[in-house]
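Each remark here refers to the structure printed beneath this line.
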Amino acid sequence: MAQQSLFYSFIARGTVILVEFTDFKGNFTSVAAQYLENLPSSNNKFTYNCDGHTFNDLVENGFTYCVVAVDSAGREIPMAFLERVKEDFYKRYGGEKAATDQANSLNKEFGSNLKEHMQYCMDHPDEISNLAKAKAQVSEVKSLMMENIEKVLARGVICEMLGSSEVSSLRHMVLSSIHIDMLELPVLSY
């Protein structure tokens, strides 16, 4: 079993904590309530450091997913935990029941899920790290593809503005320059 690097988690709607989990005793709920009052409500990811601990948050569509971790856990594992919890929570509740539930009303139904996700992330840090790297690479490729699509669309607009005869002329010039360059290549002998 891995070191206990994640030790308190909650899901809130606005400032109402719907579900929370910890294996430790402490004033987590009161600190979390104060913390929620000062957290920006915009969709985003946040990490705040305090006394050797990090408060890692994922805010999306009015719900805040939070996990408190030891500072040495870094950011990757807590954020992966939050993504897992968010997906699980959304699949299960889809915003319907959670949109009207009272404070701590989901502890019995979903508290054990928070515990399971915490344990999984702490027990499989290499897998979490590899998954995060793969997601980052996919995101980079997606970004490059979007950039290239925007460039192609911009070129299409330019071609439309030039008109078909100008495009044909440009195409002929490009093709003939390629043909000339090919003729000037040295012949390879074996």
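The values are calculated or read from the model by the stated rules, or taken from the named source; none is laboratory data. Since the model is a prediction, treat every value here as computed from it, not as a measurement. All Cβ positions, glycine included, derive from the backbone under ideal geometry; neighbour counts span all protein chains shown. Side chains included, ligands, DNA and RNA excluded: accessible areas come from the protein's heavy atoms. Shrake-Rupley method; radii C 1.70, N 1.55, O 1.52, S 1.80 Å.
Figures for the structure shown
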| item | result |
| --- | --- |
| Carbon and sulfur %, accessible surface of region 1-126 computed with the full protein complex present, 1.4 Å | 48 percent |
| Per-residue ³J(HN,Hα) for region 108-116, Karplus 6.51 cos²θ - 1.76 cosθ + 1.60, θ = phi - 60°, Hz, x for Gly and Pro | 5, 6, 10, x, 5, 5, 4, 4, 4 |
| For region 12-90: span of alpha carbons on each principal axis (Å, largest first) | 29, 26, 23 |
| Only Lys, Arg (+1) and Asp, Glu (-1) charged, at Cβ; region 1-101 dipole about Cα centre in debye | 160 debye |
| Of 25/45; 86/115; 45/86; 25/115; 45/115; 45/108, those spanning more than 24 Å from alpha-carbon to alpha-carbon | 25/45; 45/108 |
